[in-house]
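S.K.: Here it is, the structure, as C-alpha cells.
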Amino acid sequence: MSTALVDGQQLILQRDRWRCAIGRGGIRADKQEGDGATPRALLPLRRVLYRADRGPAPRCAVPVEPIGPADGWCDDPADPAYNRPVTLPYAGRHEELWRADAVYDIIGVLGWNDDPVRPGRGSAIFLHVARPDYAPTEGCIALALPDLRAALVAGLTAIEVA
C-alpha cells in the first residue's frame, strides 16, 4: 500500500513529486456538493476506470475497468443513486464519464462520501488527467497523463489531502 500526499500544488509519492491541480474551491474539511473544493481527508483509491479506445489499461494496485459511452456518475443529492455510477441515459443530474476531451481517459475513483453516502457531502471525487494548463477542477485531483500513469504503476492506493 502506498499513500501519496497532496499539499495543494503537488502529489508526493515516495520520492516522486508531480504537479497537480485541485478543486477551484481549495482544500476543505467541510466539503459540500457544488463548492468546488477538494476534501481534506485520507482518500482510498477504490478502483481505476479507463478509456480502452485511447490507451492501454493502466498498471496499478487496485481493480481496473474499461468505461464506455453509457457510463455516468450521479451528482444529484436528491437522487437515490447519488455519488454512484449510473448507466446513461439517466434522468437524475449526472456526469458523463465518456468525454470528448482527455480529462477522464483515466479515472481513479477515490473513496469520498461513499461508505456511507451522505446526500450533499460531495460526489465524484476522482483522480484524473489534468488539463494542459492545470486549470482547477470541480474538487478532483488531476495529474498530467504520464504522471498519473507513473503514480499508479508506483502502487498508489490512497491520497492524503492535507
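Bear in mind that the values in this text are calculations on the coordinates, not laboratory data. Here the structure is a predicted model, which is why all the values come from computation and not from measurement. As a convention, Cβ positions derive from the backbone with ideal geometry for all residues, glycine included, and neighbour counts pool all protein chains shown.
S.K.: Just to be sure, is LEU152 crowded, with 18+ Cβ neighbours inside 10 Å and of a type outside the set (Phe, Trp, Tyr)? Give the steps one after another, and end with the answer.
M.R.: Numbers: crowded, with 18+ Cβ neighbours inside 10 Å: yes; of a type outside the set (Phe, Trp, Tyr): yes.
The answer is yes for LEU152.
S.K.: Go over the candidates ASP115, ASP133, ASP147, ASP79 one by one and state the one that is touching a residue at least 12 places away in the same chain (Cβ under 8 Å), in a loop (DSSP other than H, G, I, E, B) and among the acidic types (Asp, Glu).
M.R.: Working: ASP115 fails: touching a residue at least 12 places away in the same chain (Cβ under 8 Å); ASP133 fails: touching a residue at least 12 places away in the same chain (Cβ under 8 Å); ASP147 fails: in a loop (DSSP other than H, G, I, E, B).
Criteria check complete, one pass: ASP79.
S.K.: From GLY55, GLY92, which residue is assigned to a loop (DSSP other than H, G, I, E, B) and on the phi > 0 side of the Ramachandran plot? Working first, answer last.
M.R.: Details: GLY92 fails: on the phi > 0 side of the Ramachandran plot.
Selected residue: GLY55, the only one of GLY55, GLY92 that is assigned to a loop (DSSP other than H, G, I, E, B) and on the phi > 0 side of the Ramachandran plot.
S.K.: Another question, if that's okay. Please enumerate the residues belonging to the stretch 130-149 that are small (Gly, Ala, Ser), surrounded by fewer than 22 Cβ atoms within 10 Å (Cβ to Cβ) and closer than 22 Å to GLN14 by Cβ. Explain how you work it out, then say what you get.
M.R.: Step one: of the stretch 130-149, the residues small (Gly, Ala, Ser) are 130, 135, 139, 142, 144.
With the extra rule that they be surrounded by fewer than 22 Cβ atoms within 10 Å (Cβ to Cβ), the set shrinks to 135, 144.
Scanning the stretch 130-149 gives a single hit, ALA144.
Each row is one residue, and each column tells you yes or no for (1) in contact with a helix residue (DSSP H, G or I) (Cβ under 7 Å, 6 or more places away or on another chain); (2) among the polar types (S, T, N, Q).
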position	(1), (2)
ASN113	no, yes
ARG118	no, no
ILE125	no, no
LEU143	yes, no
VAL161	no, no
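S.K.: I need a count of the residues in the stretch 30-52 that are in a loop (DSSP other than H, G, I, E, B), surrounded by fewer than 22 Cβ atoms within 10 Å (Cβ to Cβ) and of a type in the set (Lys, Arg).
M.R.: 2
S.K.: Can you run down the residue pairs with Cβ atoms below 6 Å, 6 or more apart or on separate chains, where the first is in the stretch 150-162 and more than 11 Å from SER2 (Cα to Cα) and in contact (Cβ under 8 Å) with a residue 24 or more places away in the chain and the partner is among the charged types (D, E, K, R) and surrounded by 16 or more Cβ atoms within 10 Å (Cβ to Cβ)?
M.R.: Listed pairs, sorted by first residue: VAL161/ARG40.
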